[in-house]
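Notes follow once the structure below has been shown.
The values are calculated or read from the model by the stated rules, or taken from the named source; none is laboratory data. Predicted model, so just to flag it, every value in this text is computed and none were measured. Note: ideal-geometry Cβ built from the backbone for every residue, glycine included; neighbour counts use all protein chains shown.
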């Protein structure tokens, strides 16, 4: 389920980034020029071997960057004694190579063991490297490397100040533990960094270091301000890159990634038994003729999600909306897209037969265009004020998108157009424009974002849920958001209007025919002490949210009907052991159906997250207790929502490591007969055994159960459903882009007497 903290910008800024120093932590400006990182070009010289040792001659001549600042925790204390960090940067003909020397006077307390990719977090010692090769400060590629050489990488966008862990870059890294700390080498190929051909700004870089045993300290190579709107605003220009950019911009890069997927399956539905076998060959092609152009093609890719942690059964494309995007075709140059989910959501393309894409960027503008043939089996969503209608895509469609942006100082303007064509059964077409302005002064930083769209739809579904060509209907969409950040406040104001006829089958629009208003006020009160408890940060929060309907003559929906109203006062704190706690009092009202009653759904909401021990990566819980709306019954009863996540990591002998992730959640609404009228439960257990950084074995088990019983009032029909998932996956990685996987999946619904088993072997190779 979504985490409430992610929805509160002020909490996100402090809780996730901890991106501000107490006044005593910032160095006093003396008028001297601030030290900048400088790359040393070694063209024609042997490139360093990535072994983590920093013993090649080139490292001795590279300038050392040592100006690291403490950014977390915000406890007013100076940098931890006994820790020091140096960063050096070499630029070869085809890569950037970072050399890091990290001193630590308590090396036995350093944390870092084998883990899954993208699972490197602040509970581990790591080095993070952030690169903005365009220089606009609107997006950056980043990687975090822990002491076992495990990577977390992705793309961070300044617009929403959130990181996307989907992209996996071909980065090589090695770490050597030393008696007084560790050393690290990180090689980042230039072929995977996207920058304009000419006229671009200086590349910008930031290096970070996590030291969990030193009170959860985070050191960063640039001082940040408390009113920062984005983690990227303070990446520093890196000097000495001109020769490297000039040499690399005309270099051609070409990749072929064939993959072979072999699958055998058995299904049972009552007395009916079926078997099947298949072998599919797919291909991805990536070409960069020069720095400003990238071309991508995919043919018959296997997107079965056999390596995704979430349990996914055969033919699971129709539920792919709930999964993170890990498909390289969509992740290429994701910064150029930069669209909110209502405008474009790549998961709406579930099973493409082929796809083509081109991306171009210059110093002041960029653009991308793509087209894919999506095969049948996916899910089509059509939003209503009180529900989301779901239809199965019964025939192949053509999904296309065009996007262009213009960059100015503090201003970004964009336009886009998309189409989902259903053959002879009509189409859904959308055109839109968006813009963003940023500015600031003594009173803080400000950001205004606007997105507007217009749709025209001639495809629909009949009462039998079959696709048909429908009468043309148009609709409009408008979203505007204002952010203000200062040392004492983080405030957000947003309005979103979605017309009754608006449809975007290439986006995610679960509701239509509504207007939403959101106000979030966050007062940053800084460091506090409550009794004997030291609080690194305290924030008071007030949220006001309201959703109303827009009138629709076609469906008979009256306008100005309150769908949801929320008044949420609360607070957020951070404390030692990477502990965060938040609570809100929910003075809420909800309506479950058109013309229905506006119910009082007041409740208490709170959550906690902590990592109290070295072997605990995370303990997180979210709780809602109070009056809950049973939408189907249109009644309110006592109930709640509980969610618990526990992550454990254990280093083993022979360099092995074990990861255990446990999840449990329960949602229920009590009836009048002493038992829940509705309940939904889920349990998931993931165990992952890492033999080496390239070999792992994963066991995944999940049970879900949902039921409706007599509530003593509505006499709704009782029902119950249960699903059981078990899977085992082995994966070996030769290097980035070259791997073999073998997975076994067993899914069953005991109450429906259905079961499916499958064995899949997948080979991926990069040329």
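Any chance the range 606-625 includes a residue that's surrounded by fewer than 20 Cβ atoms within 10 Å (Cβ to Cβ), in contact with a helix residue (DSSP H, G or I) (Cβ under 7 Å, 6 or more places away or on another chain) and more than 30 Å from residue 713 (Cβ to Cβ)?
Among the residues of the range 606-625, at least one is surrounded by fewer than 20 Cβ atoms within 10 Å (Cβ to Cβ), in contact with a helix residue (DSSP H, G or I) (Cβ under 7 Å, 6 or more places away or on another chain) and more than 30 Å from residue 713 (Cβ to Cβ), which makes the answer yes.
When the range 173-197 is examined, which residues are found to be within 23 Å of residue 108 (Cβ to Cβ) and in a loop (DSSP other than H, G, I, E, B)?
179, 180
Identify all residues within the range 532-550 that are assigned to a strand (DSSP E or B) and modelled with pLDDT under 85; write none if there are none. Walk me through it before giving the result.
We begin by selecting, within the range 532-550, every residue assigned to a strand (DSSP E or B); these are 533-549.
Result: 533, 534.
This table checks each residue for (1) under 16 Å from the mean Cα position of the chain (by Cα); (2) in a loop (DSSP other than H, G, I, E, B); (3) touching a residue at least 40 places away in the same chain (Cβ under 8 Å).
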residue	(1), (2), (3)
326	yes, yes, yes
336	no, no, yes
356	no, no, yes
367	no, no, no
380	no, no, yes
391	no, no, yes
401	no, no, yes
404	no, no, no
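Only strands (runs of 3 or more DSSP E) wholly contained in the range 108-172 count here; list those with 2 or more residues that are at pLDDT 90 or above.
Working: elements: 126-132, 139-146, 151-157, 162-164.
So the answer is 126-132, 139-146, 151-157.
Given (1) touching a helix residue (DSSP H, G or I) at 6+ places or on another chain (Cβ under 6 Å); (2) buried (at least 18 other Cβ atoms within 10 Å of the Cβ); (3) closer than 26 Å to residue 49 by Cβ, identify the lone condition not met by residue 203.
Failed condition: (1).
Restricting to the range 501-531, count the residues that are farther than 28 Å from residue 381 by Cβ, within 27 Å of the chain's Cα centre (by Cα) and outside any strand (DSSP E or B). First the steps, then the outcome.
Step one: of the range 501-531, the residues farther than 28 Å from residue 381 by Cβ are 521-531.
Next, only the ones that are within 27 Å of the chain's Cα centre (by Cα) stay: 521-524.
From the residues that got through so far, the ones that are outside any strand (DSSP E or B) too are none.
Residues that pass the stated criteria total 0.
So, in the range 745-767, how many residues would count as being surrounded by fewer than 18 Cβ atoms within 10 Å (Cβ to Cβ), within 27 Å of the chain's Cα centre (by Cα) and in a strand (DSSP E or B)?
Counting residues in the range 745-767 that are surrounded by fewer than 18 Cβ atoms within 10 Å (Cβ to Cβ), within 27 Å of the chain's Cα centre (by Cα) and in a strand (DSSP E or B) gives 1.
Would you mind finding the one in 257, 263, 288, 273 that is on the phi < 0 side of the Ramachandran plot, loosely packed, with under 13 Cβ neighbours inside 10 Å and part of a strand (DSSP E or B)?
Working: 257 fails: loosely packed, with under 13 Cβ neighbours inside 10 Å; 263 fails: loosely packed, with under 13 Cβ neighbours inside 10 Å; 288 fails: loosely packed, with under 13 Cβ neighbours inside 10 Å.
Sole residue among the options that is on the phi < 0 side of the Ramachandran plot, loosely packed, with under 13 Cβ neighbours inside 10 Å and part of a strand (DSSP E or B): 273.
Might you let me know whether the range 365-378 holds any residue that is touching a helix residue (DSSP H, G or I) at 6+ places or on another chain (Cβ under 9 Å) and at positive phi?
We begin by selecting, within the range 365-378, every residue touching a helix residue (DSSP H, G or I) at 6+ places or on another chain (Cβ under 9 Å); these are 366-368, 370, 372, 374-375, 377-378.
With the extra rule that they be at positive phi, the set shrinks to 377.
Checked against the condition, which is being touching a helix residue (DSSP H, G or I) at 6+ places or on another chain (Cβ under 9 Å) and at positive phi, the range 365-378 yields at least one hit.
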